[in-house]
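The structure appears right after this line, and notes come after that.
The values are calculated or read from the model by the stated rules, or taken from the named source; none is laboratory data. Values in this document were obtained by computation on a predicted structure and should not be read as measured data. All Cβ positions, even for glycine, are placed from backbone atoms using ideal geometry, and neighbour counts span all protein chains on display. All accessible areas refer to the heavy atoms of the entire protein, side chains included, with ligands and DNA or RNA removed. Shrake-Rupley method; radii C 1.70, N 1.55, O 1.52, S 1.80 Å.
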Amino acid sequence: MRKRNNIALCFGMLQEGHKLVFALFIFILCMSLFSCTATKFLKEGETFYEGSEINFDTQGNRVGRKKILRRELDEYINPKPNKKILGMRPGVWFYFIAGTPKKEKGGLRNFIKKKLGKPPVLFSEVKPDRTAKTLNGVLYNEGYFQSEVSFTVQTKKKETSVTYDVILPRPYRLDSIQYPRGRDSVYASILTGLRETSLLKENQRYDLERMQAEQSRIEEELENVGFYYFDDRYLIFQADSTVGDRKVHLALRLEKGIPPKARRIYKINDVNVYSNYSLSMDSTRQTSFAKNVEGYNYIDSAGNFRPEIITRVINLKRGNIYRREDQEFTLSHLMGLGVFKFVNVKFSEVHKDSSLLNTDIFLTPLKKKSLRAEVQAVSKSNNFVGPGITFTFTNRNFLKGAELFELRLNSAYEVQVSGQTGDGPLNSFEIGMETSLTVPRFISPIRIDYASREFIPKTVFTFGVNLQNRVNYFRLNSFNLSAGYTWLEAASKSHELYPIDISFVQTDKKSPEFQNRLDSNSVLASSFQDQFIIGTRYSYTLNTQLSEDPMRKFEEKKYRTHSFYFNGNVDVAGNLFYAIQRQLNSEEEPLQIFNSPYSQYVKGDIDFRYYLQFDERNKLATRLVVGAGYAYKNSTTLPYIKQFSIGGSNSIRAFPARSIGPGTYNIREESDSTTRFIDQRGDIKLEGNIEYRFDITKIFKGAVFLDAGNIWLLQNPNNERQGGTFKTKTFLNELAVGTGLGLRLDFSFFVLRLDTAFPLRKPYLVDDPWVIDDIDFGRKAWRKENLIFNIAIGYPF
């Protein structure tokens, strides 16, 4: 009995000891949190600036834009307070505890003070009276003429905040806009058409920024007809707010005493092109190297470029009237060649009373050659992981014609880490070489008229060799040669046409297991046969997100509410050679080139996306992908590399990459481990995605998504992949469906994405494909079988 009491006493003491330790921990934590507020470092009379608040008083009037106005006004309130985390100011705390570093650079104190620490923002630095006047001026410039801004200061303990109270009346709006009536004969031709394209419209809210943009637009219009020295300062808006009913009458006037050279139309005289310019080099010393090329004085002491390559893309030509548009296109074209680090265009009058401009174009070349090495650690959603390395050699002026030559060597080793690999890990080794030559112009045996003055077309040649060794199964060798064109119709519309696109695919070193698999599946055997692919492909892309809208900055919404993306592709192969050989009465079946058959098919696909922006922090993104391919005459199935696949980090994220379909076919029932190396592919693809994206912080973004889709076969002899054939009556009932959550780190230039997804519908479970009732996050076996983690770069669409 005593022993039991002793045990109980010890246990009670242990409990009391735990409580004491826990209480001590809470006390130390509270003291640390209190000290992290950094208030103890403040001197007598000092307080932290806590921030500001803006309150609107509309005095019973209906006034919109308050949310937008609050955000705009907040930009003019400075300084900004120190950031707080759970009521603490850790940055300020680090700043004070670091003390005064003994050295200006280096050392632990410097790191803590300058990297981890932030100087305190005190209320003594805030000037609320000056800020109130600034806010009142901003409101006046936006049409709120009778607004009033006052402020109150609140101090609580060691923190002071400011509240700005704004009396916000209804804004003034434009009643009428009067432009110069062409009385000035010099500008008459341009002034008469100003009103039709004006940024200012009746009943718009008075907005000084919009009026300044209109002045800039008129300046650009005049500069585009030769008035090089005209400036928007010579345009004056006179506003009359006495017309009543909160209306403003605007009258645009030309300033008196405009200088003579601003009233003169200029023409281009000499154009001097310095193609090897540097700040340390006096351009006047290079004139001995000048030669006339198509009317340009071309100076290149180093002989780096063929002169006509440079002069061909310059829009400024001797004898032409100066146009600002020509100047901007010249800058865009020269930078678009990709061989210059800096481009600068300067103009000067031939003499004081002349109407001629000499033009100097200074070009500073980029480094011609570069070598880049990339080491990668790859993790794929089909459980393959491994290292990879890529070497890229770049020559930016390969043949002295601004050609971009790239040679890329890559290798990768992957091993499948999965408990389902039965016979041991599956290994894959890949090595490849790809070269490309991009020429900044059309190269064609026939003349191609390219109407755009804004963009430069390109001719692209590529050649590549790739070897994929699926250890103990097969080796896939592929060769590719292509020649084609890329060009822009507008900033939002692009085209790609490859009249020559030749590939040769060869499979060798087949293991007995893999060969048996091919012998039992004729469709798979046809996909993996040695064959040529000789065809033509075309692609068209429309992306409204890239189109410019000069009125966007003046709208209440600073973002585009509706955006669209469309990409369409057509790929045909084998038809020309088939027609020629049939005309030659060839009886061979299938027809061959160099003792190997060639593919004959037609394939097309579209990718349509719609983006709905609710506000600056919330967006709905949707995508629909439809594709189909059909092999005929010389082929019984599409080549393996041309077939469609579905699933993975940029597709249906609840399933491993290329693991879905075709149709209700279930590869998991296959006992042959060889199939794990074969991606599931088909002739028809249908995929739909919807994703709601929202901001968590400035960098961290979140997403909720739903994906659905599948692939099917058009040609499935003997039903070798059971359930894989496309049927119009049942295909919608064979869709795979998945959902999940995403976290993204968006650094503007770089997006790191982590998506976690799980299936809602598995099409291969024919009797009961919906698996929503089976969801059990607490069960380890369910998580292992269903949860898919996708790590990727960039948004999925």
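Key figures for this structure:
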| read-out | value |
| --- | --- |
| Estimated vicinal HN-Hα couplings, Hz - the stretch 108-122 in sequence order (Karplus 6.51, -1.76, 1.60; Gly, Pro = x) | 5, 4, 4, 5, 5, 6, 9, 9, 8, x, 9, x, x, 9, 9 |
| Over the chain: helical MRE at 222 nm, DSSP H runs n ≥ 4 each giving -39500 (n - 2.57), nearest 500 | -5000 deg cm²/dmol |
| Backbone HN-Hα couplings from phi across the stretch 360-373 [Karplus 6.51/-1.76/1.60, Hz, Gly and Pro as x] | 10, 10, 9, 10, 10, x, 6, 4, 5, 10, 8, 10, 10, 10 |
| Residue (of 545, 116, 518) at the positive-pole extreme of the chain, dipole from beta-carbon charges | 116 |
| ³J(HN,Hα) computed for each position of the stretch 319-334 - Karplus, 6.51 cos²θ - 1.76 cosθ + 1.60, integer Hz, glycine/proline x | x, 7, 5, 4, 9, 4, 4, 5, 5, 5, 5, 4, 4, 5, 5, 5 |
| Simple spin-label estimate for residue 443 and residue 249 in nanometres, 7 Å along Cα-Cβ | 6.6 nm |
| Greater than 23 Å apart at Cα, pairs in 261/341; 291/400; 369/493 | 261/341; 369/493 |
| Stokes-Einstein D in µm²/s, Kirkwood radius over Cα pairs - the stretch 108-185 at 20 °C with 1.002 mPa s viscosity | 126 µm²/s |
| Accessible surface, the chain, averaged per residue in Å² (probe 1.4 Å) | 55 Å² |
| Projected-area average for the stretch 708-797 over all orientations - Cα convex hull basis, square nanometres | 8.3 nm² |
| Efficiency of FRET between residue 352 and residue 389 - r from beta-carbon atoms, R0 56 angstrom, step 0.05 | 0.30 |
| The stretch 36-167: relative contact order in percent, alpha carbon pairs under 8 Å with at least 6 residues between | 36 percent |
| With every protein chain in place, the chain: carbon and sulfur % of accessible area (1.4 Å) | 56 percent |
| Burial order of peptide ranges 491-504, 679-692 (average beta-carbon count within 10 Å, highest first) | 679-692, 491-504 |
| Segment residue 741-residue 793, length gained on full extension (0.36 nm per residue, minus Cα span) | 17.1 nm |
| Distance-filtered residues of the stretch 435-472 - backbone nitrogen under 20 Å, label point 7 angstrom along residue 308 Cα→Cβ | 438-451, 456-460 |
| Sites residue 452 and residue 728, calculated FRET efficiency, Cβ-Cβ separation with R0 41 Å, nearest 0.05 | 0.45 |
| Convex hull per residue volume in Å³, alpha carbons only, for the stretch 102-239 | 213 Å³ |
| Rg and Dmax of the stretch 184-310, Cα atoms only, in Å | 22.3, 70 |
| Shape category assigned to the chain from the gyration tensor of Cα positions, a/c cut at 1.5 | oblate |
| Global geometry of the stretch 696-737, whether rounded, prolate or oblate, following the gyration tensor of its Cα atoms and the 1.5 cut on a/c | prolate |
| Percentage relative contact order, the chain, counting C-alpha pairs under 8 Å, at least six apart | 6 percent |
| Selection from 487, 42, 621 lying farthest towards where the dipole of the chain points positive, charges on Cβ | 42 |
| Highest-first arrangement of 653-660, 758-765, where packing means the average Cβ count within 10 Å | 653-660, 758-765 |
| Under-5 Å amide H pairs with residue 450, H placed in peptide plane, nonlocal only | none |
| Average Cα contact separation per residue, the stretch 182-235, under 8 Å, 6 or more apart, as relative contact order % | 27 percent |
| FRET efficiency estimate (nearest 0.05) - Cβ-Cβ, residue 153 to residue 63, R0 25 angstrom | 0.45 |
| Neighbourhood net charge (9 Å Cβ-Cβ; Lys/Arg +1, Asp/Glu -1) for residue 605 | 0 |
| Proximal charge balance of residue 395 [Cβ under 12 Å; K/R count +1, D/E count -1] | +3 |
| Compactness of the stretch 142-203, expressed as Rg and Dmax over alpha-carbon positions, Å | 22.4, 70 |
| Additional length obtainable on full extension of the chain from residue 622 to residue 400, 0.36 nm per residue less Cα span | 75.4 nm |
